[in-house]
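Worksheet: one structure, shown below.
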Amino acid sequence: MAPAWNRRRSAAPHYDQTFGDKALSAACEDMVMGRWEGAHDLLATGPHKDWDRRSHRIRLLAHTAADKRIVEAWQTAQPNSADAVVLRADTEVMRLFAAARTGTLPGPDSLDRTAHICLNASEAFPEDPHPWVSLITLGRLYGSGTHSMNRWWPELLARDRYHREAHHQALRYMSARWHGSHGQAYAFARDCAVYAPAGSPLLVMPQIARAEEFRHRTAEGARPHTMVGYWAGERWDLLETMERWIAVRSPIEGAQDVADLNHLAHGLAHAGLLVEAATVFDLLKGRATRAPWSYTGDAEAEYLRWRERASRAAAEQSDPRKG
């Protein structure tokens, strides 16, 4: 039988959108069964002011509720519930994105109506940044962007200056795929990393921007083999992320650390920093996300291939005789 470490290394990656949040998983299952009580309990008893975790939970609940009328049933049963109003707003945003993916682009009236619902949610729960996350997400669907972003973004920052999901949504808004350019997106990501405090997952933002640019360029026709060395110029950023995020990262894992660690491992691996990548793979413990591994090939095969190479590099460094 292979040693335990080798069995762990060769095990297939594990995919879980909740990132191990069992309470969130149970609440989503409740919604699939037509019950809103699990969502009520989850949002009512969530960790105080852990806005990143609350946003992650709301977003997955909204995805689950988008093709159902469960949130409306909750609002009918508890018309004074601020949590129900906030979840309803995000659900409306997810419904518009679901329609857009089928080719039904929402018109200005539909977008403005949803924005109004989000603003109502911000009034129902003034302290919560998530209604502003909903609005920033919604902004992508406006045909040429929306000037309202200039009002919505400061409102978000006033509630949580380093909100992880909000910054990721703003990055998408500024990307070439939506309403900006590769340069604008990367400049925003670099500013996020420069001003983020040590230990913040926002330090991985340049790697997110870099991966999204790669995805966009290949989708536009660039051949992956012509982009060999694409990540080589990111080595300094990657090493800084290791120093300012991984080296001082809290033992209490952030709500979406799994997604951010996957982006970091991907960037490190493609930049040739395999020993550092091995450190990040160890933190992941086999937990994977499809993005960004799917940008450079089959997601599972890419994850396994690079994890194996990183593990070998780390073993060779610790004992050169194994090389």
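For this structure, a couple of remarks:
- Pairs with Cβ under 9 Å, 6+ apart, first in the range 38-67 and under 21 Å from residue 80 (Cβ atoms) and open to solvent by 50 Å² or more (accessible area, probe 1.4 Å), second assigned to a loop (DSSP other than H, G, I, E, B) and not basic (Lys, Arg): 40/78; 40/81; 44/81
- Residues located in the range 237-251, provided they are in contact with a Gly (Cβ under 7 Å, 6 or more places away or on another chain) and either on the phi > 0 side of the Ramachandran plot or touching a residue at least 40 places away in the same chain (Cβ under 8 Å) (or both): 245, 248, 249, 250
- Between 264, 304, 284, the distinction of being at pLDDT 95 or above, touching a helix residue (DSSP H, G or I) at 6+ places or on another chain (Cβ under 9 Å) and open to solvent by 30 Å² or more (accessible area, probe 1.4 Å) belongs to 304 only.
- Leading residue by the ranking (farthest from residue 231 (Cα to Cα)) among those in the range 247-261 that are assigned to a helix (DSSP H, G or I) and open to solvent by 30 Å² or more (accessible area, probe 1.4 Å): 248
- Identity of the residue in the range 161-175, buried (at least 21 other Cβ atoms within 10 Å of the Cβ) and outside any helix (DSSP H, G or I), that ends up nearest to the chain's Cα centre (by Cα): 163
- Test: residue in the range 124-147 that is of a type outside the set (Asp, Glu), assigned to a loop (DSSP other than H, G, I, E, B), within 30 Å of residue 236 (Cβ to Cβ) and open to solvent by 10 Å² or more (accessible area, probe 1.4 Å): no
- Within the range 229-243, not a single residue is among the β-branched types (Val, Ile, Thr), part of a loop (DSSP other than H, G, I, E, B) and open to solvent by less than 30 Å² (accessible area, probe 1.4 Å).
- Of all residues making up the range 1-32, the number that are modelled with pLDDT of 95 or more and either over 25 Å from residue 80 (Cβ atoms) or among the hydroxyl-bearing types (Ser, Thr, Tyr) (or both): 13
- Qualifying positions in the range 79-113 - surrounded by 15 or more Cβ atoms within 10 Å (Cβ to Cβ), of a type in the set (Ser, Thr, Tyr) and assigned to a loop (DSSP other than H, G, I, E, B): 81
- Some residue of the range 147-158 being in contact (Cβ under 8 Å) with a residue 60 or more places away in the chain and in contact with a helix residue (DSSP H, G or I) (Cβ under 8 Å, 6 or more places away or on another chain): no
- Restricting attention to the range 270-296, the residues that are under 19 Å from residue 232 (Cα atoms) and either in contact (Cβ under 8 Å) with a residue 40 or more places away in the chain or under 19 Å from the mean Cα position of the chain (by Cα) (or both) total 10.
- Single residue of 229, 199, 233, 267 found to be under 27 Å from residue 312 (Cα atoms) and touching a residue at least 12 places away in the same chain (Cβ under 8 Å): 267
- The requirement of being aromatic (Phe, Trp, Tyr), surrounded by fewer than 23 Cβ atoms within 10 Å (Cβ to Cβ) and part of a loop (DSSP other than H, G, I, E, B) is not satisfied by residue 153.
The values are calculated or read from the model by the stated rules, or taken from the named source; none is laboratory data. As the structure is a computational prediction, the values presented were derived from the model and not from experiment. Cβ coordinates were reconstructed from backbone atoms using ideal geometry, including for glycine residues, and neighbour counts include every protein chain displayed. Please note that ligands, DNA and RNA were not included when accessible areas were found on the heavy atoms of the full protein model with its side chains. Shrake-Rupley method; radii C 1.70, N 1.55, O 1.52, S 1.80 Å.
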